[in-house]
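Enquirer: Please find one structure pasted underneath; my questions will follow.
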Amino acid sequence: MNGYPLERARKVPEISPAFWILKILTTGMGETSSDFLVHHLNPVLAVLLGACGFALSLVLQFRSRRYVVAIYWFAVVMVSVFGTMAADVLHVVVGIPYVYSTAFYAVVLGMIFLWWYRSERSLSIHRIYGGRREIFYWATIFATFALGTAGGDMTASSLGWGYFASGLLFLGLIALPSLGRRWFGWGAIFAFWFAYVVTRPLGASFADWMGKPKSWGGLGWGEGIVSLGWGLCILAFVLYLAMKRSERDTNVSQQREALATLQRRTGS
C-alpha cells in the first residue's frame, strides 16, 4: 500500500497555519455563541441544543471514513460551543469558582492523556484512522476546550485582568511551544497539545473583549455580531481548505490513472 491511501484514511487534518487560524476562530465563535444562546434562550434549552449539536457533529465525524473538511470543523465548532457550556455550568449553576473548575478540567485532561497513552503508547495525532484512537482524540479535544474556557474566565474574571489583558497573556503563551522546541528540547507531541490548550482561552478572550459591554471592559459589539463575524471567517477558511483538498484529490486521481495506463502499455 502506498502512502496516499493511508493518508486519506486519516480522519484529522494536517497541522498547518490554516489549522491554527481555524482553531482560534472556532474558540472565539464557540465562546460568544454559547453566551448568546444562554442569554437569549432559556438556559436549559440552550444547553440541550448545544448537546444535540455536539452529538450530531460527532456522529457525522465518526461515521465518516476519512477526513472531510466540513464535517471535521463542524465537530470542532460544536465541541467549542458545548465545551464552553460545560465549563460555565460548573461556575454559574453549581457555583464552583473558576480556579477550581480550571483545576478540575486540568485533572480530567491529564487522566485522558494517561489513559490514552497507556492504551496506545502514544499521544500523536498523526495516525488517527478511527476506532479507539479517535475516541481518545475527541475526548481530549473536549477536555481542552472546557479547560481553556475555565482558564480564560479565571484570568479575566477571578483574577480581574479583563478580557483584553487575558488575550495578551495567552498570545504570549502561544509562543512557548516554538521556544520550547528550539531551546528546551520540548517534544513535538507535548508542544502541540500545549499550544492546542492555549488557543482556546486565546480566541475566547479576544472574542469576549469584542462582544462584552463596555462596562465589563469589552468593546460592546454584541455577542451575536461577534459570533456571526467569526463564523463567516470560519466558513471562508473551510471553503478554501475544501477546495484545496478537492484539487489535490483530483490531481492524485489523474496521476493514478496515468500510472495505470502506462503499466498497461508496458505490460508491467
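The values are calculated or read from the model by the stated rules, or taken from the named source; none is laboratory data. All values derive from a computational prediction rather than experimental measurement. All Cβ positions, glycine included, derive from the backbone under ideal geometry; neighbour counts span all protein chains shown.
Enquirer: Would you please list the contacts, defined by Cβ atoms under 8 Å and residues six or more apart or on different chains, that run from a residue in the stretch 61-76 that is touching a residue at least 40 places away in the same chain (Cβ under 8 Å) and closer than 22 Å to L25 by Cβ to a residue that is among the small types (G, A, S) and in a helix (DSSP H, G or I)?
Expert: Filtered contacts from the stretch 61-76: Q61/A75; V69/A242; A70/A242; A75/S57.
Enquirer: Answer with yes or no whether L90 is surrounded by 16 or more Cβ atoms within 10 Å (Cβ to Cβ), of a type outside the set (K, R), in contact with a Leu (Cβ under 8 Å, 6 or more places away or on another chain) and in contact (Cβ under 8 Å) with a residue 24 or more places away in the chain.
Expert: So L90 does not fit the description; no.
Enquirer: Right, here's the next one. Conditions first: (1) surrounded by 14 or more Cβ atoms within 10 Å (Cβ to Cβ); (2) of a type in the set (G, A, S); (3) more than 25 Å from L159 (Cβ to Cβ); (4) at pLDDT below 95. S16 passes all but one, so which condition is the exception?
Expert: The single condition S16 does not satisfy is (1).
For every residue, the table says whether it meets (1) among the hydrophobic types (A, V, I, L, M, F, W, C); (2) in a helix (DSSP H, G or I).
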| position | (1), (2) |
| --- | --- |
| S57 | no, yes |
| V76 | yes, yes |
| G83 | no, yes |
| T102 | no, yes |
| V108 | yes, yes |
| L114 | yes, yes |
| I128 | yes, no |
| R133 | no, yes |
| W138 | yes, yes |
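Enquirer: If you go through the stretch 98-142, how many residues are in contact with a Phe, Trp or Tyr (Cβ under 6 Å, 6 or more places away or on another chain) and in contact (Cβ under 8 Å) with a residue 60 or more places away in the chain?
Expert: Matching residues across the stretch 98-142 total 2.
Enquirer: Identify the single condition in (1) part of a helix (DSSP H, G or I); (2) without any contact (Cβ under 8 Å) to a residue 24 or more places away in the chain; (3) closer than 19 Å to T27 by Cβ that W161 does not satisfy, given that it satisfies every other one.
Expert: For W161, the exception is condition (1).
Here is a yes/no grid of residues against (1) in contact with a helix residue (DSSP H, G or I) (Cβ under 9 Å, 6 or more places away or on another chain); (2) surrounded by 14 or more Cβ atoms within 10 Å (Cβ to Cβ); (3) more than 19 Å from Q61 (Cβ to Cβ):
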{"position": "A106", "(1), (2), (3)": "yes, yes, yes"}
{"position": "W115", "(1), (2), (3)": "yes, no, yes"}
{"position": "R121", "(1), (2), (3)": "no, no, yes"}
{"position": "R133", "(1), (2), (3)": "yes, yes, no"}
{"position": "Y137", "(1), (2), (3)": "yes, yes, no"}
{"position": "A146", "(1), (2), (3)": "yes, yes, no"}
{"position": "G152", "(1), (2), (3)": "yes, yes, yes"}
{"position": "T155", "(1), (2), (3)": "yes, yes, yes"}
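Enquirer: Quick one: L48 ticks every box in (1) in a helix (DSSP H, G or I); (2) over 21 Å from I225 (Cα atoms); (3) in contact (Cβ under 8 Å) with a residue 24 or more places away in the chain except a single one, so which number is it?
Expert: Only one criterion in (1) in a helix (DSSP H, G or I); (2) over 21 Å from I225 (Cα atoms); (3) in contact (Cβ under 8 Å) with a residue 24 or more places away in the chain is unmet by L48, namely (3).
Enquirer: Which of the residues that make up the stretch 19-46 are at pLDDT 90 or above, more than 11 Å from the chain's Cα centre (by Cα) and β-branched (V, I, T)?
Expert: If the condition is that a residue be at pLDDT 90 or above, more than 11 Å from the chain's Cα centre (by Cα) and β-branched (V, I, T), then T32 is the only one that fits.
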